[in-house]
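Report on the structure given below.
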Amino acid sequence: MPAKTAFHMESIARGLFRRLAGAVRDLTPIVVVVVLFQALLFRQPLPDLDGILLGVVFVVLGLALFVYGLEMGLFPLGEALANAFARKGSLAVLLTFAFGLGFATTVAEPVLNAVAAKAAAASEAGVIAGTGEAKGTYALALRLTVAVAVGVALVVGVVRIIKGWPIHYLIVGGYLLVIALTAFAPPEIVGIAYDSGGVTTSTITVPLVTALGVGLASAIRGRSPMIDGFGLIAFASLAPMIFVLVFGMVV
């Protein structure tokens, strides 16, 4: 094995070991709390202890691999794309990419799929018909609404970075709009709308969106990656609430 390849493999191994140690450190408080409550309060043995231990091992491995994969692949990819778009100088192409990135990553979010399915299953509340077709249509419409919202949010966030607009004015204005829409939206959609703002900031969306913002701010002269690069996730959380509230009022 060439020396360069061996050094590269050794560097990967060291990095993975650090991520494993970090995952164990991060998960230890959760495990301690669960075990203490089970032992001191319920005073019962853990059910299927072998399965639980194996699951914890899988969680540690999965978390370590996920974090390391982000650092090796998605973050550099997002920053490289942002730099390429900044050099190209085409605002229309950049905004189209931002919308497409927000839409595609949100549609693929497992958490959003689960929330949409649960919302559709609440047909006994009289929101939609109890047929499987109606539930599927409702869940798909909800997913697409949230995905479009995140796409629009990234477009607004990218324009903010380019123009240098203060983020707090946009965020405060957005939440005032959410409060105003809440007063007119059907009660059964309000909880779903508020939850939709959280499910969009999950495993797939956050890494790519953060990398896009930081990379774009780094590539534009006069912009600070720390001050201007972050904040896209806030828009990605806010916009779905507005869109889903409107969705409930229209549909």
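The values are calculated or read from the model by the stated rules, or taken from the named source; none is laboratory data. Owing to the predicted nature of the structure, the values given are computational and were not obtained by experimental measurement. FYI the Cβ positions are ideal-geometry reconstructions off the backbone, even for glycines, and counts take in every protein chain you see. Ligands, DNA and RNA are excluded from the accessible area calculation, which covers all protein heavy atoms including side chains. Shrake-Rupley method; radii C 1.70, N 1.55, O 1.52, S 1.80 Å.
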In Å, the Kirkwood estimate of hydrodynamic radius for region 130-179 over Cα pairs equals 13.0 Å
Dividing the surface of the Cα convex hull of region 211-250 by four yields a projected area in nm² of 3.2 nm²
Of all stretches in the chain that avoid trypsin sites (Lys or Arg not before Pro) placed in a DSSP loop and having at most 11 other Cβ atoms within 10 Å, the longest is 44-220
Residue-normalised 222 nm signal for the chain, counting each DSSP H run of n ≥ 4 as -39,500 (n - 2.57), nearest 500 deg cm²/dmol, is -26000 deg cm²/dmol
Expressed in angstrom, Rg and Dmax over the Cα atoms of region 111-251 are 16.5, 55
Once the mean of 1/r over all distinct C-alpha pairs in region 7-108 is inverted, the Kirkwood radius in Å reads 17.4 Å
Given 91-101, 147-157, 209-219, the highest-first ranking by average Cβ count within 10 Å works out to 147-157, 209-219, 91-101
Rounded to the nearest 10 Å², the 1.4 Å probe accessible area of ASP26 is 90 Å²
Taking protein heavy atoms only, a 1.4 Å probe, and rounding to whole percent, the accessible area of region 81-240 owed to carbon and sulfur comes out at 70 percent
Fraction of alpha-carbon pairs in region 21-75 farther than 18 Å apart, rounded to whole percent, equals 45 percent
Within the set VAL172, VAL32, VAL107, GNM on the chain using Cα springs under 10 Å gives the largest fluctuation to VAL32
proj_area_mean for the chain (convex hull on C-alpha atoms), units nm², value 19.5 nm²
Around ALA64 (Cβ within 14 Å, Cβ-to-Cβ, excluding ALA64; K/R +1, D/E -1) the net charge comes to +2
Note to self: with every protein chain in place and a 1.4 Å probe, the chain gives an accessible area per residue in Å² of 56 Å²
